[in-house]
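Nothing in this text is a laboratory measurement; each read-out follows from the coordinates by a stated rule. No experiment lies behind these values; they were computed from the predicted model shown. Ideal geometry is used to build each Cβ from the backbone, glycine not excepted, and the neighbour counts take in all protein chains shown.
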Amino acid sequence: MSIIARMAALKTGTGNGAFPKIPRAKFIRTLEQRIADPDSIRQAVSSLCGPASLLRSVLLDNPEMYVRYAIDMYERGQAKLGKLDVEPSSDCRECDTKEKVAAVDWVTLASLRDSENDVFDYDDVDDLVGGITMPEDLADWFEKCGYVNARNNTSVLLTEGRDTLQEALDCHAAGMRTCLLIEAEMIDGDGKGNAVFANHWVMLGDSWGLRPGLDVGWVGFRGDGYGGGSWTDDAADPWVGGSPGNHVIDDRVPRGNGDEVDLTLWSWGDWYRTNKFGPMSWKSFEKRFHGYVAARFRFAY
């Protein structure tokens with residue numbers, strides 16, 4: 001059944017499906033928003049950043065899977081997501097989110113997390129423990145949703161260095177969906193607070209105009225006024241995600257050997273340039289960077 005047909009059937013239905021406290025109209029409206037803009041998926045105050053990263057990827061790569069999963073979950077309280085059998089508890093389905101999390105995001109994100117939990121239930125928006133997604137779980141979910149070559153280079157307790165960040169950038173440049181494991185204060189704070197522990201998943205920006213970059217000493221480009229020019233200091237080397245000539249920023253592009261990290265990151269339904277205040281020093285970034293999970297989409301189940 002096509003997305004159009006599924007949406008039409010959803011709109012002819014009555015009642016609140018398997019989620020009694022989520023009105024059908026709100027579910028439909030927020031589902032339509034997500035279909036129109038996958039970047040709008042937002043876990044809000046919840047700790048559902050892992051499911052959010054996965055489902056944003058699925059919606060971008062296989063929208064039919066996402067829509068089928070979302071509608072089946074809302075209507076029946078259980079659904080297939082690739083090879084994942086997702087069936088949340090009644091407590092999760094009957095949660096009153098008080099609109100802290102959008103209707104469709106609770107149905108899709110919370111259902112996945114609650115269903116996959118072995119110990120903790122996830123039935124409260126403010127539950128910061130039950131919503132946590134470990135790296136091995138995220139990598140496994142990607143594989144079960146039709147992704148291949150999943151890589152998990154993370155350390156929850158220890159931080160990772162420049163080589164790991166470069167690996168993540170290389171994965172993104174190669175077309176893999178790439179999730180960074182960080183400490184949320186990296187982008188939500190001023191980057192100067194004390195590091196605590198890995199607690200947040202973000203995604204590297206797409207190559208179409210959003211520029212993930214590694215750090216930097218600068219490479220200069222001198223334009224000749226006629227659309228050409230010349231690069232200085234081995235300019236062909238460092239820009240990940242495209243040729244340097246396509247990514248000039250104020251006549252400068254970043255190199256991979258400097259002291260400032262300048263990444264484009266997706267989180268909380270929005271885009272950040274490493275931090276809400278802009279690029280960060282490597283010293284601040286390194287204290288909050290715990291590695292990455294990446295995978296390439298291949299199969300449409």
**Message:** Based on this model, can you work out whether residue 34 counts as more than 23 Å from residue 146 (Cα to Cα) and either part of a helix (DSSP H, G or I) or β-branched (Val, Ile, Thr) (or both)?
**Reply:** no
**Request:** Count, please, the residues in segment 57-88 that happen to be buried (at least 24 other Cβ atoms within 10 Å of the Cβ) and not aliphatic (A, V, I, L, M).
**Result:** 5
**Asked** Just for segment 111-133: of the residues that are free of Cβ contacts under 8 Å to residues at least 60 places away in the same chain and either closer than 15 Å to residue 178 by Cα or of a type in the set (D, E, K, R) (or both), which one is surrounded by the fewest Cβ atoms within 10 Å (Cβ to Cβ)?
**Response** 118
**Asked** How many residues does segment 155-164 contain that are over 12 Å from residue 288 (Cα atoms) and of a type outside the set (Lys, Arg)?
**Response** 2
**Prompt:** Could you say whether any residue in segment 12-28 is within 19 Å of residue 88 (Cα to Cα), touching a residue at least 12 places away in the same chain (Cβ under 8 Å), under 13 Å from the mean Cα position of the chain (by Cα) and part of a loop (DSSP other than H, G, I, E, B)?
**Reply:** no
**Message:** For segment 119-135, which positions are out of contact with any strand residue (DSSP E or B) (no Cβ under 6 Å at 6 or more places or on another chain) and closer than 27 Å to residue 287 by Cα?
**Reply:** 126, 127, 128, 129, 130, 131, 132, 133, 134
**Prompt:** Got at least one residue in segment 52-63 being polar (S, T, N, Q) and in a loop (DSSP other than H, G, I, E, B)?
**Reply:** yes
**Message:** Of the conditions (1) out of contact with any Pro (no Cβ under 7 Å at 6 or more places or on another chain); (2) buried (at least 19 other Cβ atoms within 10 Å of the Cβ), residue 100 satisfies every one except a single condition; which number is it?
**Reply:** (2)
**Item:** In segment 145-178, the residues that are buried (at least 18 other Cβ atoms within 10 Å of the Cβ) and of a type in the set (D, E, K, R)
**Value:** 151, 160, 177
